[in-house]
Amino acid sequence: MVEMIVTLLLFGIMMTMVIGVLSPASKIFIRMQRLQYAQIIVDNTVQELRGITESAAEHIKIYEKCDSADGVTDTGGADKGLALEFVNEEGYVVLLSSEGCPDTDVYLGETKLETISGNDVEPGRLLVRYYVRSGSGDDYSYYYKDGSQPMVRAFSKVFADGYYMGNYVEVTFSYPPGTAVKAQVEYLIAEIKLYRDKEKDDLLAQDSVTLDLRYAAVRHDALTASVKAEAGP
């Protein structure tokens, strides 16, 4: 009996020592795995950005800010910012951001198909919106329906919410240094950051890449997103 008690006591001491060693190791493993998943999300975001932006044609515009409260910010362009706008090869205005959006009406011609609730698009998810422009060349615009909600032709989340694994992505776009207004843009610079929290205090992974453009496009800083009561399709 005494020998059994001593054996159990020694076994308990050894297990305590083993657990003490394995506990920090398991934490390190979990953190490394989380960082690996975060880098995969960033890498895939880079590939999606390249696929979306390579079709930029005619004009490119960068907004300093474009969030769920402002929607399409009706301001001039900036050298660097959180939203990218361009005219694609099919003639649609494309707005690309990761800052959420307000309630948005989706139309087909004059027919309203649905309203996308801003609550359905959480900031930190990459989002693409397609607008029909009015005018061409340097003088084009797109509208907010009836001076209130944005009106889009299509609306797409690049990834499902679950893909981010509870993390939040932020994409900042910028022109090559020294790019003047109306100058041709051959590529853009995108800085992708993935945060653990919505407040963007806990950075998990990041990358900075160039986004090559297939077509000749120029920098456009004039007002484009207009709020007009006479908004049309």
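For a quick check of your reading of the model, give me the residue pairs whose first member lies in segment 47-64 and is open to solvent by 40 Å² or more (accessible area, probe 1.4 Å), whose second is among the acidic types (Asp, Glu), with beta-carbon atoms closer than 7 Å and at least 6 apart or on different chains.
Pairs that qualify, where the first residue is open to solvent by 40 Å² or more (accessible area, probe 1.4 Å) and the partner is among the acidic types (Asp, Glu), are Glu54/Asp212.
Go through segment 194-207 residue by residue and tally those that are in contact (Cβ under 8 Å) with a residue 60 or more places away in the chain and over 18 Å from Asp161 (Cβ atoms).
Of the residues in that region, 3 qualify.
Any chance you could count how many residues in segment 130-166 are at pLDDT 75 or above and of a type in the set (Asp, Glu)?
1
Select from segment 205-221 the residues that are closer than 17 Å to Ile62 by Cα and either under 18 Å from the mean Cα position of the chain (by Cα) or open to solvent by 50 Å² or more (accessible area, probe 1.4 Å) (or both) and write down the one among them that is modelled with the lowest pLDDT.
Filtering segment 205-221 for residues that are closer than 17 Å to Ile62 by Cα and either under 18 Å from the mean Cα position of the chain (by Cα) or open to solvent by 50 Å² or more (accessible area, probe 1.4 Å) (or both), the one modelled with the lowest pLDDT comes out as Ala216.
State whether the residues of segment 167-180 include one that is aliphatic (A, V, I, L, M), within 26 Å of Lys80 (Cα to Cα), modelled with pLDDT of 85 or more and surrounded by fewer than 17 Cβ atoms within 10 Å (Cβ to Cβ).
The answer is yes; a qualifying residue exists.
Scan segment 96-110 and tell me whether some residue there is open to solvent by 10 Å² or more (accessible area, probe 1.4 Å), modelled with pLDDT under 75 and under 19 Å from Val181 (Cα atoms).
no
The values are calculated or read from the model by the stated rules, or taken from the named source; none is laboratory data. This structure is a prediction, so every number in the text was calculated from the model and none was measured. Cβ sites come from the backbone with ideal geometry, for glycine too, and all protein chains shown count toward neighbours. What goes into the accessible areas is simple: the full protein's heavy atoms, side chains included, and nothing from ligands, DNA or RNA. Shrake-Rupley method; radii C 1.70, N 1.55, O 1.52, S 1.80 Å.
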